[in-house]
Amino acid sequence: MLTAKQRELLVYINQRISESGISPSFDEMKEALDLKSKSGIHRLITALEERGFIRRLAHRARALEVLRMPDDVTVEAISGRATGFSPSVIEGSRGKASGKKGNVEELPVNTNENVVEISVLGRIAAGTPISAIQHEQDKFSVPKSMLRSGEHFALEVQGDSMIEAGIHDGDVVLIQRSDDAGSGDIVVALVDEEEATLKRLRKKGASIALEAANPAYETRIFGPNRVKVQGKLVGLMRQY
């Protein structure tokens, strides 16, 4: 039996993962539930974990997975596994020997019909924007199950401004090419036609905010004509 606040938090986490593929930060959860401190969120998460509704994912900063929902919640609302995307973290060195290490899966050397090659176009800033997307620099083999419809590309992350979303310096992000995104999506944004950055998109009236997932970085707000969406985050690959 869940308390009202435990249930409210579980539904909110599930909704955010379904919409964007990333679990919300503690600050976002605190704001959504109108709590005064993050310690209250920590207690709620611990209670949900102990009751088997969620689990914390290893090797990822505060990443959560919804395991089940209360019986009176409809199937359509269960999780990103049913209606959206829950990003996978793939360990490896661009197609080296296969195997498993903990909960992280390495890709096999030999590709098959379930694996496709994705171009790595350059480096993307998860911090202060850097040079815009460049030409192909490398390729990654990824499972088709990680992909959505349309064209995809990959970028190597530079910086730590998205670390609370589980995106670390040196990770390779898998991007679905798109010129539109919803508020709350993590996107590749092109600023002033020359700077590319990886941020969470927020639409605020006629303005667009590019929001970091690290309190050390400020949210940057632009006029609508200054920002162009290049694609949306659908997956993450990490090398150790």
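The values are calculated or read from the model by the stated rules, or taken from the named source; none is laboratory data. Small disclaimer: the values here were computed from a predicted structure and weren't measured. No Cβ is skipped: glycine too gets one built from the backbone with ideal geometry, and neighbour counts run over all protein chains shown. Just the protein is used for accessible areas: all its heavy atoms, side chains included, with ligands, DNA and RNA removed. Shrake-Rupley method; radii C 1.70, N 1.55, O 1.52, S 1.80 Å.
Within the stretch 182-236, what whole-number % of the accessible surface is contributed by carbon and sulfur, with the 1.4 Å probe and all protein chains included in the calculation?
Here it works out to 45 percent.
Would you please give the residues with an amide H less than 5 Å from that of LEU64, counting only those at least 5 places away or on a separate chain, with H modeled from the backbone geometry?
For LEU64, whose amide H was placed from the backbone, the distant partners under 5 Å are SER23, LEU57.
Give LYS5/LYS199; LYS38/LYS144; LYS30/LYS144; LYS30/LYS203 a once-over and call out the pairs whose C-alpha atoms are over 26 Å from each other.
LYS5/LYS199; LYS38/LYS144; LYS30/LYS144, as the Cα separations exceed 26 Å there.
For the stretch 1-49, what does the alpha-carbon gyration tensor say about shape, rounded, prolate or oblate, given a ≥ b ≥ c as the root eigenvalues, a/c under 1.5 as rounded, and a/b over b/c as prolate?
Taking the square roots of the gyration eigenvalues as a ≥ b ≥ c, the stretch 1-49 is oblate.
Name the residues whose placed amide hydrogens come within less than 5 Å of the amide hydrogen of GLY231, ignoring near sequence neighbours (fewer than 5 apart) on the same chain.
SER178, VAL188
What ranking of THR197, THR3, THR46 comes out by heavy-atom accessible area, probe 1.4 Å, highest first?
Result of the area sort, largest leading: THR3, THR46, THR197.
Out of residues 5 or more away from ALA125 or on other chains, whose amide H comes under 5 Å of its own, with H placed 1.01 Å from N in the peptide plane?
Under 5 Å from the amide H of ALA125 lie the amide H atoms of ILE130, GLN158, LEU198, each far enough along the sequence or on another chain.
Using the Karplus curve 6.51 cos²θ - 1.76 cosθ + 1.60 with θ = phi - 60°, what ³J(HN,Hα) values do you get for each residue of the stretch 24-40, in whole Hz, with x for Gly and Pro?
Karplus-based 3J(HN,Hα) across the stretch 24-40 equals x, 6, 4, 5, 5, 5, 4, 5, 5, 9, 6, 9, 8, 9, 6, 5, x Hz.
Quick one, can you get me the convex hull of the C-alpha atoms of the stretch 199-240 expressed as volume per residue in Å³?
97 Å³
Tell me the accessible surface of GLU8 in square angstrom (1.4 angstrom probe, heavy atoms of protein chains only), to the nearest ten.
Looks like 80 Å² after rounding.
Extending each Cα 7 Å along its Cβ direction at ARG177 and SER149, get the distance between those two points in nm, one decimal.
Result for the modelled spin labels: 1.6 nm.
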